[in-house]
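*Asks:* Okay, here's the structure, questions in a sec.
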Amino acid sequence: MAMVMDLDFSGYSYSTTTTITTSTEGDQGCNWNDWSPVVDWEALSGDQEDFHYLIDSMMDENVVLHQPVRSIQEGYNRLSPDTMMTDEESNSTEDSKGLRLIHLLMAAAEALTGANKCRELARVILVRLKELVSPLDGTNMERLAAYFAEALEGLLDGAGGGGGGKKLLGGGKEEHHHQTDVLAAFQLLQDMSPYVKFGHFTANQAIIEAVAHDRRVHIVDYDIMEGIQWASLMQALVSRKDGPPTPHLRITALSRSGSGRRSFCTVQETGRRLTAFAASIGQPFSFHQCRLDADETFKPSSLKLVRGEALVINCMLHLPHFSYRASDSIASFLTGSKTLNPRLITLVEEEMGTTGETGFMGRFMDSLHHYSAVYDSLEAGFPMQGRARTLVERVFLGPRISGSLARIYRARGEGDVCSWGTWLAMVGFRPINISFANHCQAKLLLGLYDDGYRVEELSNNKLVLGWKSRRLLSASIWSSQDSDL
Amino acid sequence: MIIGELELYGTSEDILGCIGGSSYFPKFSDDPFEDGDFTGNSWWVHYQSLEHESIDNTVTVRTAPADLIISNQPLPSDLPKKRMVQDDMSPKTSQSSRKNHNRQINNADDGFAIAEHGVLSRKSAGSKKATKKSAGNNSNNGNNKEGRWAEHLLNPCAAAITVQNPSRVQHFLYVLRELSSLTGNANHRLAAHGLHALTHHISSSGISSASAGGSTFASSNPEFFKDSLINFNDISPWFRIPNNIANTSILQILAGQDQPSNLHILDIGGSHGVQWPTLLVDLSRRSGGPPPLVRLTVVTPSTDSDQLRSIPFAIGPPNYDFSSYLLAFAKSNHINLQINKLENIPLQNLNSQVINSSSVETLVICAQFSLHNLNHNTPDERTAFLRILKSLEPKGVILSENNIDCSCKNCGDFATGFSRRVEYLWRFLDSTSVAYKGRESEERRMMEAEAAKVLINTGEMNERKEKWCERMSSAGFIGEVLREETINGAKALLRKYDNNWEIRVEEKDGCISLWWKEQPVSFCSLWKIDLKVNDN
């Protein structure tokens, strides 16, 4: 599915006023070589004979590409009328089907929101898409397309009501997953990929460095899930060789009413487990819950604070943390945290493209690009285990995609949707450098997985996990302006 | 079964013996209304019975298309019930139940996907409201832009071609390919034909077939062709109404003559003979009998030029000849008919000698849907031709044309022109879909393939009726008001068809226009030579 990643979207310029742009305004002639991910359009401007073949081949169901190529552009530039069927025929038709799916998805997204809006068209396209794909089998692209189609359909159905209300979790129908499914999927996700551990380890390392001389540490966790992050933190704290004795660790987990359905364990269970674990390794520990109201407004006053403790705010927003929490909830949490003057804020979030796209279409395509990279990376982790992947996709990725699209859809026309990291900077938090040790640790971690993963350091306080050329996750470190590090 | 039908078929059986048989039997077995004895070789008779129902206000006769292929989709469940509804035995009721029937079909006219059916029926709730009388009750979403999704792909694609944005064009072509289907609903078909036309346009070496749908008039079997046309006229007024108005107008002109004379009709139309049987019958029923001689001079376009091949409905199968049928029919109606075919004569070369007209006959020129292929830019062949018509000194000219804007290069860029053609084709496909009740058949495909030629016919230069009227005036004609009888007759005939069709009469120009879902389709007008104008 490399095609999606390398698909050059520069030709698609989606501004809110027009859906058509010329790539060569004011040029003498049209310089077709500037662009085409798909076809050698040079023919269009001059000799049109080849174009005939190209159109024919487009019309021909048996269009054949050369060997599976990383770049669609490469592949189509080599397309010639006398291309013979190769052994990689199955890959070729796969690629061509993938291309069809992408175009259909684009058209559906555009029909929903573009200048040329037509809901009936969107519906018809989605019907067609559903004929072509299934979330349970087929190639990566096909399964991905199935989830995207479902997400779009959710928008179509819900969009009639005009602008989503504040939902706790992103729009679209939420499935109730079996507890065992979620557990299994989570386990698989951890094994297949470094997504989970990358965020945890980077955050934990930064925390350990920040509280090196403290006797009491208080961590407020936005979404504790099953608490595995803290198990490894505790182990690290306990096994510090030189330095002060193990600090007392207090964890306050935010809990939400009525959100039990998405997790396979409640916050209380997590608390019990962590307490038991801490006891077993000799880590002084206490656990607290902070219940949020239905609208998830965070009230800092409801936290129990102790003088002299180092306060750490932990905000994990990425896979497998379920869906998108409503922006308001996150904003409220982070803003509220600022008033507490925390020593450290650790933030892990999905890294969306920085193409500067502000329209729905641009973000939609970026999202497609993003998740196709995710799918590819998971496949690399478990190449033969299709069913395992479909489980992870169903439990985590599908809802995430729906939530992501709903968020983009709601934000359309509202200007830029920035990352939380950017937001933190704007609100006045101070970036903290990622240490060399932290960076090395990340590299070591990735070394255990497929070598398609890479890590890079950005703006000093951020480590970004990427798959091939696509950035996927970022872990960043911040501090409140007034606090002492 | 509607009782009146049986009587009608009884009548036709008597006349059957007079007419030579044909080996081709259309199959009407799928239609519960059909009497199994009805045979295809009596198509003239059939036609007669159809024409007169509206006048007698008797029964409606349903014929199923010849090669009916029932689609996979189940028919709307209310269909059989509607047909059986007989409130009382008055003919009006049968017509109105038929109208309801059509309306139901409108709602469910979506042979492609049940999912879509669900959507459409939700949106078409408006159909259940009281209908305005023949005012295009919008029972199906197809009228407003929302339900016409194919155009939301075709028009932007054409626009992208015009501004030369290859990636966008490519994108749309991909999507169109996925959604095209020649057997789906009207939108799917429009997408298919539109896609074909667009690729034809951008591929310079030209795609060999002029149509995406394969078989067109020119490549069809003559019997099939004839039966398809007849059946089409039975289910859609697209040609029927203009033909009807033309025929009534001819009678009107004839009646206006001082002394009885021969009738000479110059037929510059594309009815392929289907128009004339009704006229012959009407002539035979005139008080005072038919004219001693009825001459029909038919101008057929030459089939050689590529351009002609792309004119919708213009060219029939090469070995199709309606003359013998028509002559036999005339004979059985005691009419002395002569048919003269002028083939391969360019329109500009018409003159009195060529058509062999004489001053003692009543010459009526019937120009239906042919003149829009005359150039209206420079050289202005069109006005020149109208002057030629005047020089033939006809007692009347019947002009029927498409009532839409031109799509030629001079009148707009490719995108504008294409969107106009697409809109026009949509009206045809939509109304035809209703006419065939959403069912698929070879016949329907052929008709649609013919109509779809409009998308690639570069020679077509339509004009609105106002412009045509201007031209006729400047060529020395004066508009003749169509009589009440004509108008009422046409409206009565229209009732037989779906109630989204509408006839409008314009006070100021006296034209009768035909509208589908409140969009203009065609118009008919009657003209006489303006004696006050000197022809220089």
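The values are calculated or read from the model by the stated rules, or taken from the named source; none is laboratory data. This is a predicted model, so every value here is computed, not measured. Ideal geometry is used to build each Cβ from the backbone, glycine not excepted, and the neighbour counts take in all protein chains shown. The protein model used for the area step is the full one, side chains on, heavy atoms only, and it has no ligands, DNA or RNA in it. Shrake-Rupley method; radii C 1.70, N 1.55, O 1.52, S 1.80 Å.
*Asks:* Over 18 Å between C-alpha atoms is what I'm after, so list which of B:K453/B:K517; B:K491/B:K517; B:K508/B:K528 land there. List each step's numbers first, then the result.
*Replies:* On the way: B:K453/B:K517 22 Å; B:K491/B:K517 16 Å; B:K508/B:K528 16 Å.
Correct reply: B:K453/B:K517.
*Asks:* Turning to a different aspect of this structure: Can you tell me which of B:162-174, A:335-347 comes out highest on packing, and rank the rest after it, using the mean Cβ neighbours within 10 Å?
*Replies:* Details: B:162-174: 22.0, A:335-347: 20.2.
Going by the mean number of other Cβ atoms within 10 Å, highest first, we get B:162-174, A:335-347.
*Asks:* Further question on the same structure: By the scheme Lys and Arg +1, Asp and Glu -1, what is the net charge of all other residues having a beta-carbon under 11 Å from that of B:I250?
*Replies:* Numbers: positive: B:K395; negative: B:D267, B:D282.
Result for the neighbourhood of B:I250: -1.
*Asks:* I've got another one for you. With a probe of 1.4 Å, find how much accessible area segment B:429-536 has per residue, and write the answer as a whole number in Å².
*Replies:* On the way: 3840 Å² over 108 residues.
Counting only protein heavy atoms, the per-residue value for segment B:429-536 is 36 Å².
*Asks:* If you don't mind, there's one more thing I want to ask. With all protein chains present, how much of the accessible area of segment B:255-329 (probe radius 1.4 Å) comes from carbon and sulfur, to the nearest whole percent? Show your work: numbers first, answer last.
*Replies:* Details: 1470 of 2960 Å².
Ligands and nucleic acids excluded, carbon and sulfur give 50 percent.
*Asks:* How would segment A:341-480 be classified by its alpha-carbon gyration tensor: rounded, prolate or oblate, with rounded meaning a/c under 1.5 and the a/b versus b/c comparison settling the rest?
*Replies:* Numbers: a/c = 2.04, a/b = 1.10, b/c = 1.85.
Cα axes put segment A:341-480 in the oblate bin.
*Asks:* Continuing with the same structure: Which residues of segment B:146-170 show a drop of at least 50 Å² in accessible area when all protein chains are present, compared with their chain alone (probe radius 1.4 Å, heavy atoms only, ligands and nucleic acids excluded)?
*Replies:* Hits at the 50 Å² cut-off: B:E146, B:W149, B:H152, B:Q164, B:P166, B:S167, B:R168, B:Q170.
*Asks:* Just the accessible area per residue of segment B:301-400, please: how many Å² with a 1.4 Å probe? Let's see the in-between values first.
*Replies:* Working: 4560 Å² over 100 residues.
That works out to 46 Å² for each residue.
*Asks:* Give the residue from B:A475, B:I456, B:L514 lying farthest towards the positive end of the charge dipole for segment B:429-536; charges sit on Cβ (+1 for Lys and Arg, -1 for Asp and Glu) and the dipole is referred to the Cα centre.
*Replies:* Working it through, the farthest residue towards the positive pole turns out to be B:L514.
*Asks:* In segment B:240-354, how does Rg compare with the Kirkwood Rh, expressed as the Rg/Rh ratio over alpha carbon atoms? Can you show the working numbers first?
*Replies:* On the way: Rg = 14.9 Å, Rh = 15.3 Å.
Expressed as Rg/Rh, it is 0.98.
*Asks:* Could you compute how much accessible area chains A and B hide from each other, both sides summed, with a 1.4 Å probe? Nearest 100 Å² is fine.
*Replies:* Numbers: alone 21860 and 22010 Å², together 40290 Å².
Roughly 3600 Å² of accessible surface disappears when A and B pair.
*Asks:* Based on the Kirkwood radius over alpha-carbon pairs, what value in µm²/s does the Stokes-Einstein equation return for the translational diffusion coefficient of segment A:202-254 at 37 °C and 0.692 mPa s?
*Replies:* On the way: Rh = 11.5 Å.
Translational D for this selection: 286 µm²/s.
*Asks:* Would you please put A:430-439, B:384-393 in order of how densely packed they are, using the mean number of other Cβ atoms within 10 angstrom per residue and starting with the highest? Can you show the working numbers first?
*Replies:* Details: A:430-439: 16.3, B:384-393: 18.0.
For the peptides A:430-439, B:384-393, the packing ranking is B:384-393, A:430-439.
*Asks:* Rolling a 1.4 Å sphere over the protein heavy atoms, what is the accessible area per residue of segment A:268-412, to the nearest Å²? Could the numbers behind the result be given before it?
*Replies:* Numbers: 5190 Å² over 145 residues.
Ligands and nucleic acids excluded, the result is 36 Å² per residue.
*Asks:* Calculate log10 I(q)/I(0) of segment B:151-301 for q = 0.19 Å⁻¹, where I(q) comes from the Debye formula with a single equal point scatterer on each Cα and nothing for solvent.
*Replies:* For segment B:151-301, the Cα-only Debye profile gives -1.14.
*Asks:* Let me have the relative contact order for segment B:373-509, percent, based on Cα pairs under 8 Å that are six or more residues apart. If you can, show how the numbers build up before the last one.
*Replies:* On the way: 97 pairs, mean separation 44.3, N = 137.
This gives 32 percent for segment B:373-509.
*Asks:* Counting only other chains, what is the mean number of Cβ atoms within 10 angstrom of the Cβ of each residue in peptide B:172-183? Could the numbers behind the result be given before it?
*Replies:* On the way: counts 2, 5, 10, 12, 2, 6, 11, 7, 0, 1, 0, 0.
Partner Cβ neighbours, averaged per residue: 5.
*Asks:* Taking the Cα centre of segment B:267-417 as the origin and placing charges on Cβ (Lys, Arg +1; Asp, Glu -1), which of B:G412, B:S287, B:V298 is farthest toward the positive end of the dipole?
*Replies:* Toward the positive end, the furthest listed residue is B:S287.
*Asks:* Still on this structure, I have one more. Could you check how much of the accessible area of segment B:330-476 is carbon and sulfur, as a whole percent, using a 1.4 Å probe?
*Replies:* Values: 2310 of 5100 Å².
After summing per-atom areas, the C and S share lands at 45 percent.
*Asks:* Could you sort A:301-312, B:182-193, B:370-381 so that the peptide with the highest average Cβ count within 10 Å comes first and the rest follow in order?
*Replies:* Details: A:301-312: 15.0, B:182-193: 25.1, B:370-381: 16.7.
Listed from highest to lowest mean packing, they are B:182-193, B:370-381, A:301-312.
*Asks:* I would also like to ask the following. Considering every residue in A:100-106, what mean count of other chain Cβ atoms within 10 Å of its Cβ is obtained? Numbers along the way, then the final one.
*Replies:* Details: counts 4, 2, 2, 9, 6, 1, 3.
Whole-number average of other-chain Cβ neighbours for A:100-106 is 4.
*Asks:* Would you kindly derive the ³J(HN,Hα) couplings of segment A:272-289 from the backbone phi angles with the Karplus curve 6.51 cos²θ - 1.76 cosθ + 1.60 (θ = phi - 60°), listing them in order in whole Hz, with x for Gly and Pro?
*Replies:* 5, 5, 5, 4, 5, 5, 4, 4, 5, 10, x, 9, x, 8, 9, 10, 9, 10
*Asks:* Ok, one more. Using a 1.4 Å probe over the heavy atoms of the protein chains, calculate the carbon and sulfur portion of the accessible area of segment A:341-456 as a whole percent.
*Replies:* Values: 2430 of 4500 Å².
Heavy-atom surface of segment A:341-456 belonging to carbon and sulfur, 1.4 Å probe: 54 percent.
*Asks:* How big is segment B:352-479 along each principal axis, measuring the range of its Cα positions in Å and listing the largest first?
*Replies:* The principal-axis extents, from largest down, are 51, 33, 25 Å.
*Asks:* To one decimal place, what orientation-averaged projected area in nm² is obtained for the convex hull of the Cα set of segment B:310-379?
*Replies:* Details: hull surface 27.6 nm².
So the Cα hull casts an average projection of 6.9 nm².
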